[in-house]
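Novice: Sharing a structure below in structure tokens format, with a few things to ask.
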Amino acid sequence: MSSSTPQYLARHWPAFAGVLVLLAAPLAITYWDQPFYLDVLMRLMILAIAASSLNLILGYGGMISLGHSVYIGIGAYAVGIPAYYDQYSGVLQLLLALGGAGIFALVTGLICLRTRGAYFIMITLAFAQMMYFTFVSIEEYGGDDGLVIYARSDFGGLFDVENSIRLYYLVAACLLLTLLLVHRIVNSHFGMVIRGAKSNEPRMRAVGFPTFRYRLACYVISGMLCGLAGWLMGNFTGFISPEMMDWTRSGELIAMVILGGSGTLLGPTIGAAVFIGMETVLAEVTVYWHLYLGLLLILVAKFGRGGLGGLWQRIRGVR
Amino acid sequence: MNAPLLEVSALSRSFGGIAAASELSLQVVHGEVHAIIGPNGAGKTTLVSLLAGELRPDSGSIRFCGETITAMPVHARAQRGLARTFQITSIFPEFSAVGNVAMAVQAHANHSFRFWRPVAADMALRQRALEVLQQVGLADAPDRNAGEMSHGEHRLLEMAMALATRPALLLLDEPAAGLGPEETTAMVAILRKLRQDKGILLVEHDMDVVFAIADRITVMVSGRAIATGSPQAIREDDNVRKAYLGEGLHESA
């Protein structure tokens, strides 16, 4: 069942190489003085957290949410609204982000999860849009224009994230933590129930699982993880607006998951990397870079079962 | 005689004016195979769905192990020891054979709000699943992908998943559907062994299977039970001959 450490490294070297690159990147970026790429990588990692959280319900649980970016918004406003009242406590903001996302997921999940298929997609979209328009209409917090956050979360003397490189490492740690968490969850007893319910829910009930409460718990965990991404996003951009929870943002998260390989641990991260890579490179050339993203998505949907991550594994499997 | 495991009283359910079950009453006692036969559209699968909890009856009641379960959801009935197999194979095609059965074992082993330890490290789960696969004769390649198994193996896997829940009562919806002669013989042998420590409600089209193992037979026509009795009594019942067995008996007897 368990393989030795060298074998493990040989099998998973791209993942370890990726971690090393992410950890070493700030050194290179500082050396060549290219702070722009620090921002690119931070955005990539934050979106990778969000996409991984979506993957937990979409890829493993078969719950296709078209409103997942609402949790990025909730997490970000959990930084922005306290900041508006000069409350910068990192612990408070983080608790608000996780708690707010968790409560929103719990309340909406109780309703959404009673539906299936297209209805589920539509109702998750509806709840997200309700939040979107709620924040658009709150003049106090900038409405449509959003809010500028003048200082990042404050952890006292413990950890100062005003320094972007430190924020970078905080984001990297959150990404690794998220991946570890998703990995443990999907392979646990709980994960089996979630995956079984995706595969054949009537059968799960027939053998005795009350599937609803497990799927709801999964939905809440997923929302909270995405709330974490939102908290990081608020700190990273220093600006929040309802646009962060617009449904097109949710669509982009889905694209990342599918592109990289839904239902795989690293797929969403790969998807986020490809997405950000294309955005960074192609946006220089054309404002219509989404066209190329679309074409790539079509190719993956048509030929690449398991996304780009799956393609890579097949290439290595053949060798 | 034993107190009945399952006691169905005056169960009715109709779909838009068509009575799929009408004033049905029947019992299954411990150690008994009670077969339900009847022509297509007689309401046999509806009965199974009503008993399993996927459908709610319009009226009537279901008692199981002395408890009224008429309004209980599917999973709660399963937790109390009522297991079913599906007429149309219903498995987890992406999982291994042993994974399919392990899922059913897990459903009855404490709650599954366990998020951290890998399920693969739960050797007791796998061990128990392998034992059940052994019982139905599928233990030789337990790690095979269930989606790639043959139809006959799927029927056995269905059975294994029901057995893995350690049921007191098995609801079998045409377990021998689509099986070849040899596979059917194997299935009958399995059913014979199972009856010893549980009750079985068997819906089956194959009269050879029914008359080989049933202790009691209920004949359903258009949602009604027109006769209940021993296989011998059913063979000789005039109403049954008229309504249904006329053709069937020549084929099988």
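Novice: As a test question: what accessible area, to the nearest 10 Å², does B:ARG235 have when a 1.4 Å probe is rolled over all protein chains in place?
Specialist: Here the accessible area works out near 70 Å².
Novice: Hey, another quick one. With every protein chain left in place and a probe of 1.4 Å, what is the accessible surface of B:ARG84, to the nearest 10 Å²?
Specialist: 10 Å²
Novice: Another question about this same structure. Dividing the alpha-carbon radius of gyration of chain B by 2.2 N^0.38 Å (N being the number of residues), what value is obtained?
Specialist: 1.02
Novice: Can you give the average number of partner chain beta-carbon atoms within 10 Å of each beta-carbon in peptide B:100-108, as a whole number?
Specialist: Mean number of neighbouring Cβ atoms from other chains: 5.
Novice: Then there's this: Let me confirm one metric for peptide B:115-125, namely the mean number of other chain beta-carbon atoms within 10 Å of its residues' beta-carbons.
Specialist: Mean inter-chain Cβ contacts per residue within 10 Å come to 5.
Novice: Kyte-Doolittle cut-off -0.5, length cut-off 15 Å along the helix's own axis using Cα: show which whole DSSP H helices in chain B pass.
Specialist: B:97-107, B:123-136, B:151-163, B:181-194
Novice: What shape does region A:53-203 have by the C-alpha gyration tensor, where a ≥ b ≥ c are the square roots of the eigenvalues, rounded means a/c under 1.5, and otherwise prolate means a/b greater than b/c and oblate the rest?
Specialist: Oblate is the answer for region A:53-203, as a/c is 1.5 or above yet b/c matches or exceeds a/b.
Novice: I want to verify a result. In a Gaussian network model of chain A, Cα cutoff 10 Å, which of these has the top mean-square fluctuation: A:SER222, A:SER164, A:SER188?
Specialist: A:SER188
Novice: Here's something else I'd like to know. Taking 0.36 nm per residue of sequence separation and subtracting the Cα-Cα distance, how much length would be gained by fully extending the chain between A:VAL91 and A:ASP145, in nm to one decimal?
Specialist: 16.8 nm
Novice: Now for a different question. For chain B, what is the mean residue ellipticity at 222 nm derived from helices alone (per DSSP H run of n ≥ 4: -39500 (n - 2.57); sum divided by total residues; nearest 500 deg cm²/dmol)?
Specialist: Rounded to the nearest 500, the figure is -10000 deg cm²/dmol.
Novice: Residues of A:182-195, mean number of Cβ from any other protein chain within 10 Å of their own Cβ, rounded to a whole number?
Specialist: Neighbouring Cβ atoms belonging to other protein chains average 6 per residue here.
Novice: Ok, one more. When the Cα centres of region A:208-240 and region A:176-195 are compared, how far apart do they sit, in Å?
Specialist: Cα centroid of region A:208-240 versus Cα centroid of region A:176-195: 14 Å apart.
Novice: Which pairs in the list B:LYS44/B:LYS242; B:LYS44/B:LYS193; A:LYS198/B:LYS193; A:LYS198/B:LYS198 are over 29 Å apart, alpha-carbon to alpha-carbon?
Specialist: Too far apart for the 29 Å limit: A:LYS198/B:LYS193; A:LYS198/B:LYS198.
Novice: Over chain A, what percent of the accessible surface lies on carbon and sulfur atoms, probe 1.4 Å?
Specialist: With neighbouring chains kept in place, the figure for chain A is 68 percent.
Novice: Right, next: Pairwise over distinct Cα atoms, reciprocal of the mean inverse distance: report the Kirkwood radius of chain A in Å, one decimal place.
Specialist: Radius from the Kirkwood sum: 20.3 Å.
Novice: Can you pull the accessible area of B:SER9 for me, 1.4 Å probe, Å² to the nearest 10?
Specialist: Using a 1.4 Å probe on the heavy atoms, I get roughly 50 Å².
The values are calculated or read from the model by the stated rules, or taken from the named source; none is laboratory data. Nothing here was measured: the structure is a model prediction, and the numbers come from that model. Reconstructed Cβ throughout: ideal geometry from the backbone, glycine too, with neighbour counts over all protein chains shown. Surface accessibility is based on the protein's heavy atoms, side chains included, excluding ligands, DNA and RNA. Shrake-Rupley method; radii C 1.70, N 1.55, O 1.52, S 1.80 Å.
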